[in-house]
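Peer 1: A single structure is presented below for examination.
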Amino acid sequence: MAEINQQQEVKDAVQAAVKSGIDVHQQVKSITLKALTLRQLDMDNINRVTEEVSKGINEGIATQGEAAKEVFLQAATALDEALAMAAEASKLAIEEAASRVTEYSQNDLNNAIKDLQEMEGSFLDTLAKVAKGSNQVAADIVGDFIAHSGQSGTAVGKRTLTALEALKDLPHISRNIIVSSAVTTASSFAQIASGVLLGIAESLQSSHSKK
């Protein structure tokens with residue numbers, strides 16, 4: 001029940017931020033990062049948060065009229081950037097785990113890399129899935145965003161490619177894993193990644209507060 005309430009709170013917070021039309025990008029990014037750090041950073045958590053944030057965005061833009069497209073772009077870009085930060089946290093956690101091979105098996109590391117590869121596809125797939133239940137205007141806005149992202153790339157996709165490039169030469173990681181798809185990361189590994197992301201999020205919040 002607590003988990004369901006937590007998911008509802010994330011959706012409601014994002015919806016309110018989008019409806020407000022005020023500092024939408026920063027609000028949605030902060031809400032997403034906070035939600036991601038409440039649990040260990042594995043694909044189940046990332047997918048769950050992505051879906052709730054996407055629902056909140058979708059429901060929020062319904063009241064925005066002509067501003068809907070611009071507000072959606074601010075919110076979707078914020079989600080994208082938050083996921084890119086999660087990808088960076090995962091990459092740093094993989095590097096940390098690779099240096100401690102007595103505690104982590106090669107399988108753990110390979111699974112973590114597979115999860116990293118899934119992030120951009122999961123982001124865009126979730127936006128598309130949520131948009132199917134919306135009105136035509138919202139569906140068209142999301143469709144345009146996904147089509148544009150397919151051509152120009154996303155922040156999380158670019159960060160993932162950079163991370164995979166950096167990780168491919170690490171010892172104890174199968175080189176052929178870079179072309180595989182995902183399973184599940186070990187719980188202890190996901191906790192490392194969550195801690196890394198929390199540090200990144202706190203640093204970001206601190207710098208934003210000083211402005």
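Read-outs: derived from the displayed coordinates by stated rules, not from any lab. None of these values were measured; they are calculated from a predicted model. Every residue, glycine among them, receives a Cβ derived from its backbone with ideal geometry; neighbour counts consider all protein chains shown.
Peer 1: So for the pair D23, Q106, with labels modelled 7 Å out along Cα→Cβ, what separation do we get in nm?
Peer 2: Placing both labels 7 Å beyond Cα along the Cβ direction yields 5.0 nm.
Peer 1: Could I ask something else about it? How would V137, V24 line up from fewest to most surrounding beta-carbon atoms within 10 angstrom?
Peer 2: By the 10 Å Cβ count, ascending: V137, V24.
Peer 1: Now for a different question. Name the shape class, rounded, prolate or oblate, that the alpha-carbon gyration tensor gives for the range 1-120, where a ≥ b ≥ c are the square roots of its eigenvalues, rounded holds for a/c under 1.5, and otherwise prolate holds if a/b is larger than b/c and oblate otherwise.
Peer 2: Note, shape of the range 1-120 comes out prolate.
Peer 1: If you don't mind, there's one more thing I want to ask. Each label point is 7 Å from the Cα along the Cα-to-Cβ direction; what then is the distance between the points at D12 and K34, in nm?
Peer 2: 1.3 nm
Peer 1: Hey, what did the range 7-73 get for relative contact order, percent, Cα under 8 Å, at least 6 apart?
Peer 2: 46 percent
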